[in-house]
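The structure under discussion appears below in the form of structure tokens.
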Amino acid sequence: MGILLTTTVTATVKGQTQTTYSLHVGAWGDNDSVGNNGVQVDIRTHIEDVVQPTVTYSFWVGSILINGAFIQFGYELVLPDNRYCLYGERTVSESGGGSFNSSCFASLDYVGSGDARWFWQYWPSGAGQAFYFALGPAYSAGPDGSWHTYQIVPNEANGWNFVLDGKMVQNFNDYPPTTSKDAVFMVAEEVTDATSSGNLGPVEFRNLEYSKNGSWQPVRSLKAVSDCVPSNRGVYELGAYCGISNPYGVRLNGPNDIIAGADQTQVLGGTMLWGNPSFTLQVPNQVEVTLDGVLQEPGTVQLALPIGVHYVTVPNLVQVNNGTRLIFVDWTIGVQTIFGPNITINLHSDYKAEAIYVTQYELTLAASPYSPESEGWYDSGSIGNYSIRNQFLPIIFVGWFDESGNLITTATSGTISMDAPHTVVPEWRVNYALIAAYAVLVIAIASVGVFWRRSRRKSSKRHHGWLLSPLEHDR
């Protein structure tokens with residue numbers, strides 16, 4: 001919005017308090033425009049008078065950036081018969097209390113009735129109230145009914161260029177350019193006190209485009225913007241509701257062509273105006289996903305689909321390799337969670353569904369001559385447990401070793417962090433001392449047995465002699 005300055009006292013335009021509201025109506029582009037580094041649109045100039053309680057009418061193209069900033073460029077009409085700064089900055093007053101200071105870095109200019117001028121604004125901190133602004137020379141947005149292309153692009157000086165009809169009208173190099181956080185959007189805006197004038201536009205926008213991957217690309221769909229934002233939250237916060245009615249609407253005038261403002265159809269924000277909704281499916285790269293029975297590419301898939309019912313299917317279990325698998329958990333769709341791998345979606349606007357899987361790793365207890373192989377599956381990041389019984393008396397348990405032969409523990413049980421598949425190997429050794437003791441004991445027992453048997457034989461012979469008769473003895 002334009003910044004009004006009186007003769008020697010710097011002041012913001014009327015209504016720059018928490019009781020001022022920004023009414024927005026227009027359209028977002030499709031999700032493919034997220035991550036753009038430049039935007040442009042054709043806007044048809046519409047001349048009309050601005051009267052209080054309205055502060056400004058503005059019509060612009062903009063982007064919310066990944067660094068939290070907001071940038072916009074278009075044309076505006078301001079309260080007439082006042083002097084405005086052509087380039088400056090508004091900052092929050094250090095004394096607080098919701099007051100602001102405006103600093104002008106250029107000249108002042110008188111703006112009369114019907115003087116449509118290009119303007120741009122850059123809000124470094126997004127929701128904050130401080131911003132940089134500029135207002136073009138007299139009648140720089142052309143006469144009523146004229147078409148003009150408004151373009152925001154990075155420049156070689158590590159800043160932004162504002163280009164009108166192919167000619168740079170100003171640059172801004174205080175903040176480096178970044179890519180956008182959200183889709184590109186075009187908006188008709190009225191800044192007003194607590195009630196709306198009801199006279200915004202209407203104004204036609206067409207050919208919304210964005211720069212990405214080194215080329216300009218038109219949007220493939222448009223969905224409605226309709227909201228009201230208190231000025232203390234920043235004009236870029238589209239989708240908000242401030243408690244007063246937004247009387248403005250938006251109408252599709254053709255492919256990538258809308259008319260926004262007064263006397264147009266009032267629609268809910270997010271309503272699809274043109275094109276097909278963007279449907280984004282996000283699954284792990286190893287997971288096969290089918291959409292309406294057709295196998296899709298792995299990973300993230302973004303498609304423009306007809307409005308209506310669509311069916312998505314993913315598997316419950318995906319075996320990645322011998323020791324790694326994925327287990328389906330749920331679908332995350334915005335703030336909604338859906339359990340079960342098969343979902344039905346009634347598509348009516350842009351939609352994103354993410355399949356959540358947990359990675360599991362196998363813990364294998366290797367076989368040994370004294371214990372069989374066994375295995376178990378554990379979630380990634382959990383703790384795996386293993387143990388064995390030392391039940392063979394002639395055998396001593398040495399410990400657990402990894403696959404490289406490194407000793408893990410000498411205890412019969414242990415734990416391991418399951419950050420990958422793991423194999424633990426039990427090792428044993430023969431207890432020769434115990435076996436020797438057994439041998440001595442066996443020999444001792446055998447010797448006692450032999451001695452006892454020999455003693456029995458000798459004893460038997462003596463008793464037998466005692467039983468001989470005298471006659472036989474004499475023989």
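Where a number appears in this text, it was derived from the coordinates with a stated rule and is not lab data. Remember, predicted model here, so these are calculated numbers, not experimental data.
Brief remarks follow.
- For Lys223, the aspartates and glutamates whose Cα comes closer than 13 Å to its Cα, not counting residues fewer than 8 places off in the same chain, are Asp30, Asp257, Asp350.
- Equivalent ellipsoid, segment 276-430 (semi-axes from 5 times Cα gyration tensor eigenvalues, Å): 47, 12, 11
- Short-range pairs are left out: with C-alpha atoms under 8 Å and at least six residues apart, the relative contact order of segment 332-379 is 31 percent.
- Over segment 252-335, relative contact order from alpha-carbon pairs under 8 Å, at least 6 apart, %: 21
- Computed over segment 344-389, the alpha-carbon pair-distance distribution with 10 angstrom bins reads 19, 30, 18, 14, 11, 7, 1, each value a whole percent.
- Tensor-based shape of segment 39-80 (alpha-carbon gyration tensor, a/c under 1.5 rounded, otherwise prolate or oblate): oblate
- Debye equation applied to the C-alpha atoms of segment 241-355, log10 I(q)/I(0) at 0.17, 0.20, 0.21 Å⁻¹: -0.87, -1.06, -1.12
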